[in-house]
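The values are calculated or read from the model by the stated rules, or taken from the named source; none is laboratory data. What you are looking at is a predicted structure, and each value in this text was computed from that prediction instead of being measured. FYI the Cβ positions are ideal-geometry reconstructions off the backbone, even for glycines, and counts take in every protein chain you see. Note: areas computed on protein heavy atoms with side chains; ligands, DNA, RNA excluded. Shrake-Rupley method; radii C 1.70, N 1.55, O 1.52, S 1.80 Å.
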Amino acid sequence: MSNHVPNNPIILMATVYLKIFPAVRKELVYWQKRAAEIPDQELRTQALSSISSKRFHCQGGAVYSILAHQNWQKAVRFIVAYQTISDYLDNLCDRSNSMDPENFRLLHHAMIDALSCNDSKTDYYKYFESKDDKGYLKELVRTCNEALASLNHIDLFQEHALKLAKLYMDLQVHKHVIMEERIPRLTKWSENMNAYPLSWYEFSAAAGSTLGIYCLACYGFAGRLSSDRASRLVSGYFPYIQCLHILLDYYIDQVEDKEEEDLNFCNYYPDQITMQERFRHFLLEAHVNSTMLPDAPFHQMVLQGLVGLYLGDEKLKLIDGSRQMKRQLLKASGVASKFFHWNTRSYYYLKRLVTSS
């Protein structure tokens, strides 16, 4: 892969399909094999489920590896391992019989250790009902550490990435406790941490994205991370791009989350019109922020890709008012979003044809 960062959707998608996705697939084949070796049935089930049902998280995150230039494969390895930790732990916490916040905090400390590059002795399953994963979670952490070890200005990366990771960990703790405590905890946390004109559920959404971490890492892998650039990347992604990312993710999962009684931030908007207006506001704010980033056309395409990808998901058909939401956001996002949307719809169409044949 050359050092040129794609600046149009067609080149970006060609790079993604021909280089990035095959590399992601290779990494996930390995982790799927490791997950299948987990002795404990519950841990094995959740590890395999997180890979099979959420692999598109790894694929989406790995698009940032393009920014890593010649070290793009190392970036893919890190992103896939880190995102697999995130998805696995999310599954464990969603389906856990325990509602102990210390259990969730200790489990998610793996995401801090994965960035810290310390030889962690943490017993992540200390408070969890299941324990024997045959070293699966620690190997994921170690893989992240090994990839990051060669990072340019690793101290600078860690300074900023760990702040984002700690917000992510706090969110996961508060959103998985007993139902009666979730909103009070998230509201109080937001009041203490939120310096933006965001509601508690919007701030929580911003904290729930890993995109800023991947962005920082990939500039580090390319040897292009400086103090000024790291600050610009974080302020560019947090809160608005990350907020829009997670709200779109929650938006398409509304029916599933209702069935599973999982917390969904979209449920806290007073009505559909308010939610549509806020999504559009975040899209416009995110667009303004993306124009001020290095390699601005790339980040703008990522933003447009998020809109096109999520609004092309087949789960949208089950959501009331989704047609109007899709029309408004695709119009506000621009032509490239419609290209990514068409791409996503074509993917699902071809997938149905293959499945039915």
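Residue pairs whose Cβ atoms lie under 8 Å apart, sitting 6 or more positions apart in sequence or on different chains, and linking a residue in segment 161-181 that is within 27 Å of Cys218 (Cα to Cα) and in contact (Cβ under 8 Å) with a residue 60 or more places away in the chain to a partner that is aromatic (Phe, Trp, Tyr) and outside any helix (DSSP H, G or I), are Leu164/Phe238.
Applying the set (1) closer than 20 Å to Ser190 by Cβ; (2) of a type outside the set (Val, Ile, Thr); (3) modelled with pLDDT under 95 to Tyr240 leaves exactly one unmet item: (3). Restrict the check to segment 122-138 and report whether at least one residue is open to solvent by 20 Å² or more (accessible area, probe 1.4 Å), in a helix (DSSP H, G or I) and not aromatic (Phe, Trp, Tyr). Yes, because at least one residue in segment 122-138 is open to solvent by 20 Å² or more (accessible area, probe 1.4 Å), in a helix (DSSP H, G or I) and not aromatic (Phe, Trp, Tyr). Of everything in segment 51-74 that is touching a Gly at 6+ places or on another chain (Cβ under 9 Å) and open to solvent by less than 30 Å² (accessible area, probe 1.4 Å), the residue that is nearest to Glu37 (Cα to Cα) is Val63. For segment 34-81, filtering for residues that are more than 25 Å from Glu129 (Cβ to Cβ), over 13 Å from the mean Cα position of the chain (by Cα) and not β-branched (Val, Ile, Thr) leaves 12. In the set (1) open to solvent by less than 20 Å² (accessible area, probe 1.4 Å); (2) within 25 Å of Gln59 (Cα to Cα), the condition left unmet by Gln276 is number (2).
The criterion of being among the basic types (Lys, Arg) and without any contact (Cβ under 8 Å) to a residue 60 or more places away in the chain does not hold for Lys131. Each residue in segment 154-182 was checked for being hydrophobic (A, V, I, L, M, F, W, C), open to solvent by 10 Å² or more (accessible area, probe 1.4 Å) and within 19 Å of Asp90 (Cβ to Cβ), and 5 of them qualify.
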